[in-house]
Number of protein chains: 2
Amino acid sequence: MTDSEVAKVVGAVREDRLWQRHMDMAAFGATPRGGVNREALTPEFAQARQCLLGWTSERGFTSATDPIGNLFIRRPGADGAAAPVVTGSHLDTQPAGGKFDGAFGVLAALEVLEALSDAGIETKRPIELVDWMNEEGGRFQPTTMGSSVFAETLPLATVLATADREGVTIEAALAEMRGQIKTDETREFGFPMAAYVEAHIEQGPVLEATGNTIGIVTDIQGLRWFQVEVMGEEAHAGTTPRANRKDALAAAVEMIETLHRFMYDESDILRFTVGRLDVSPNTPNTVPARALFTIDFRHPDAGVLREAGDHIEEICDAHSGDCDVEVTETITSAPTIFDPAIISLIGDAARHQKLPAMEMISGATHDAKSLAPLCPSGMIFVPCAGGISHNEAESATPADLAAGAKVLAEAVVSLANR
Amino acid sequence: MTDSEVAKVVGAVREDRLWQRHMDMAAFGATPRGGVNREALTPEFAQARQCLLGWTSERGFTSATDPIGNLFIRRPGADGAAAPVVTGSHLDTQPAGGKFDGAFGVLAALEVLEALSDAGIETKRPIELVDWMNEEGGRFQPTTMGSSVFAETLPLATVLATADREGVTIEAALAEMRGQIKTDETREFGFPMAAYVEAHIEQGPVLEATGNTIGIVTDIQGLRWFQVEVMGEEAHAGTTPRANRKDALAAAVEMIETLHRFMYDESDILRFTVGRLDVSPNTPNTVPARALFTIDFRHPDAGVLREAGDHIEEICDAHSGDCDVEVTETITSAPTIFDPAIISLIGDAARHQKLPAMEMISGATHDAKSLAPLCPSGMIFVPCAGGISHNEAESATPADLAAGAKVLAEAVVSLANR
């Protein structure tokens with residue numbers, strides 16, 4: 001393929017179409033405050049996939065799904081036996097999420113496929129769009145579930161038995177979705193891929209603050225998730241002396257407060273979040289018998305991640321008072337280093353297209369982390385307003401999204417002709 | 001009425017019947033761990049009232065209800081125009097409550113009415129059993145709702161509009177209950193009462209520890225309830241630097257930790273409880289945008305209650321960081337001093353019946369607090385195992401319950417003949 005052919009595909013990326021696809025997709029799970037609530041395997045999620053399949057089947061692209069419900073859309077290449085170049089992200093959102101986190105990577109991938117068809121260009125390798133199942137991990141934990149099971153870093157059987165708060169298992173929810181959404185094929189894990197490139201909004205403030213349009217992602221910081229269960233004893237709030245109490249919430253509060261102080265990082269690189277806390281029985285005049293909280297701890301340095309993270313359990317034990325405490329590490333994910341060739345290719349594309357770009361570390365985990373051990377992988381970031389994400393106010397501009405899709409098109413088409 | 005007639009009524013109190021009534025009543029909302037979940041105005045609550053009305057209508061007693069759903073059962077007296085002596089408690093429980101909290105006061109009252117009928121004795125005044133609506137305040141806040149509205153310390157219109165977590169209002173729940181439970185009459189608030197005596201398990205460890213069977217309650221400690229709402233901003237846990245966060249849960253944890261230290265009382269008389277904490281959106285990888293917690297603060301000394309309680313808002317403000325905080329006092333209840341004549345009468349009854357008894361302060365709030373300003377009022381406590389209450393393991397002995405019912409019978413019958 002000549003440089004002029006690549007330029008033709010990049011020229012066929014349409015900002016208006018890409019933007020309209022985002023607005024159409026945001027209708028599935030739309031919230032009154034302008035956000036999206038489209039958790040994995042909900043009816044809204046199934047509607048979003050049906051909509052996507054409507055667009056891609058019009059183009060004649062074929063669809064496939066695997067045992068964990070990842071969705072693949074293929075545009076064929078000249079060499080039917082060649083491993084595809086894969087690009088995509090996820091259509092699920094946080095319960096109070098926005099229009100762009102995940103959806104952008106899927107719709108930018110769709111835009112690349114449509115631009116290729118509009119430009120009438122055949123690549124050597126097939127190109128596939130992927131929608132990974134349950135990246136967000138809100139309804140079902142952990143995050144990046146579909147890509148992790150695909151990469152065999154999470155066992156399928158365990159994941160299928162995972163239930164949401166209402167007791168609905170992934171297995172049951174998948175069976176329901178399969179009744180609504182038919183794909184042309186089913187596919188096993190271990191399907192070979194030539195390369196994986198994922199486009200995403202930055203979900204942080206750096207690109208906007210520095211005036212860059214393209215983030216060339218070199219690394220994803222490492223992450224450890226913990227669940228801390230504190231068990232005390234229910235008692236009457238009016239009659240039970242402090243000395244006789246086993247107050248699970250009071251103990252949890254001390255643990256969280258101490259952990260915040262311990263994890264304080266002057267350089268503000270370390271990320272420490274207690275995002276979920278459930279109390280039982282959770283009534284004003286009963287001493288809480290149980291408190292369960294989660295810890296999300298991230299750092300780009302594997303050493304810090306290991307050493308600081310290994311202190312969490314001892315801190316919880318030291319502040320449990322008369323309660324029992326159980327600390328479980330639910331997910332461990334080492335820092336990821338992306339493929340140097342993909343990093344170069346994305347940098348070259350931004351330079352060709354005269355887009356201001358910078359190399360950066362991803363603060364968020366993405367499905368690309370699961371793919372990096374399987375094939376040469378990389379990511380492209382575009383700015384989002386104020387760095388706000390996982391929020392109904394999440395916002396990005398049509399021009400930035402189109403710029404990201406054009407860089408993605410150049411990188412993916414180049415890879416598909418190697 | 002002669003002393004021998006009083007002795008006849010006391011002798012007609014049946015331990016076996018009283019115990020069986022407790023076991024029968026515990027079937028409504030029975031939990032697998034041997035407790036009871038029978039929150040106000042639920043189907044289980046309506047079934048419990050239907051069961052009670054079945055027993056009382058067999059005896060020919062008449063029933064009445066008022067606009068907030070309190071239930072009254074009358075055994076007539078010789079003087080039809082005389083104000084009744086009222087005794088009772090509540091049939092609602094905590095979501096993970098026991099068989100005796102509330103139920104004992106209602107069933108001891110029933111036992112008094114039945115003993116009178118079995119002994120064939122007519123009192124001068126009518127005696128009424130009352131089941132106050134929503135004493136516990138778990139499903140609908142605040143506590144002692146029915147007796148407070150009856151005493152006009154809570155406005156009816158506000159209370160009717162109060163909703164549970166699913167958005168069901170008291171008004172709607174009451175309408176549904178009225179469809180299931182028919183009473184002979186309806187009654188307005190301000191109905192005159194000659195006296196009010198309530199029997200209850202102690203819900204604390206003192207009677208058991210001191211070997212006393214009867215607690216002669218002299219006071220109820222005062223109580224202040226607060227609701228603290230902390231408003232921050234949702235953000236991505238992986239990408240948002242600490243400096244850019246408005247973490248509502250981190251701020252709430254600092255507030256609660258500081259409040260615990262501020263409220264620390266070496267003498268262990270002060271009661272301070274954060275029993276409920278709700279986090280939103282409550283997912284592991286989103287910085288919490290909102291945290292709402294409750295404070296239950298009690299002390300027998302009105303001065304301590306005022307001064308320490310008045311610091312709560314400033315402590316929350318001082319630890320709100322970049323979040324906004326709103327502190328609302330939802331209920332204020334001054335310490336209650338019971339009527340000296342009723343206190344003497346209960347002490348006399350225990351002495352006549354040779355039951356070991358002691359005067360004590362109630363740590364818990366009870367409906368008797370609402371009645372104390374309306375008519376001479378008092379309370380009788382019996383032991384519960386380990387002082388454990390608001391717990392499925394709540395336990396009391398048949399003999400202690402019967403002893404409480406006999407003291408109640410003597411006090412109530414004496415009052416009904418004055």
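Peptide A:387-399 has a mean of 4 when you count, residue by residue, the C-beta atoms of other protein chains within 10 Å of its C-beta. Compared with the dominant principal axis of the Cα atoms in chain A, helix A:340-352 is inclined by about 60°. The dipole here belongs to segment B:303-371: it is taken about the Cα centre, uses +1 on the Cβ of Lys and Arg and -1 on the Cβ of Asp and Glu, and is about 900 debye.
Peptide B:94-102 has a mean of 3 when you count, residue by residue, the C-beta atoms of other protein chains within 10 Å of its C-beta.
For peptide B:266-278, the mean count of partner chain Cβ atoms within 10 Å of a residue's Cβ comes to 6. What residue among A:SER267, A:SER280, A:SER63 has the largest mean-square fluctuation in a Gaussian network model of chain A, using Cα springs under 10 Å? Ranking A:SER267, A:SER280, A:SER63 by mean-square fluctuation puts A:SER267 first. For segment A:222-333, the equivalent ellipsoid derived from the alpha-carbon gyration tensor has semi-axes of 29, 12, 11 Å in decreasing order. Compared with the dominant principal axis of the Cα atoms in chain A, helix A:103-119 is inclined by about 10°. Inter-copy label distances at B:LEU156, using a point 7 Å along Cα-to-Cβ, come to 6.5 nm with the shortest given first. Short-range pairs are left out: with C-alpha atoms under 8 Å and at least six residues apart, the relative contact order of segment A:222-333 is 47 percent. The alpha-carbon of B:LYS182 sits under 26 angstrom from the alpha-carbons of these lysines, leaving out residues fewer than 8 places away in its chain: B:LYS99.
Label points for B:ASP118 are taken 7 Å from Cα along Cα→Cβ. From this copy to the others they lie 9.0 nm apart, shortest first.
If you run the Gaussian network model on chain A, springs between alpha carbon atoms under 10 Å, then out of A:ILE342, A:ILE181, A:ILE201 the most flexible one is A:ILE181. Here segment B:222-333 is treated with +1 on each Lys and Arg Cβ and -1 on each Asp and Glu Cβ, and its dipole about the Cα centre works out to around 320 debye. Working note: 222 nm ellipticity from helices only, DSSP H runs with n ≥ 4, each -39,500 (n - 2.57), summed and divided by the residues of chain A, gives -10500 deg cm²/dmol to the nearest 500.
Write down, largest first, the equivalent ellipsoid semi-axes of chain A in whole Å, where each equals the square root of 5 times an eigenvalue of the alpha-carbon gyration tensor.
Its equivalent ellipsoid spans semi-axes of 41, 23, 19 Å.
Residue-normalised convex hull volume from the C-alpha trace of segment A:1-133: 98 Å³ per residue.
Inter-copy label distances for A:ARG178: 5.3 nm (label point placed 7 Å from Cα along Cα→Cβ; shortest first).
Exposure proxy ranking for B:SER362, A:SER395, based on other Cβ atoms within 10 angstrom of each Cβ and starting from the fewest, stands as A:SER395, B:SER362.
Beyond 15 Å, how much of the Cα-Cα pair distribution for segment B:35-86 remains, as a whole percent? Percent of Cα pairs beyond 15 Å in segment B:35-86: 58.
Just checking the listed ones, A:MET263, A:MET177, A:MET25: in the Gaussian network model of chain A with Cα springs under 10 Å, the one fluctuating most is A:MET263.
Restricting the calculation to Cα atoms, the protein assembly as shown yields a radius of gyration followed by a Dmax of 33.2, 116 Å.
Bear in mind that the values in this text are calculations on the coordinates, not laboratory data. This structure is a prediction, so every number in the text was calculated from the model and none was measured. Quick reminder, even Gly has a Cβ in these numbers, built from the backbone with ideal geometry, and neighbours come from all protein chains shown.
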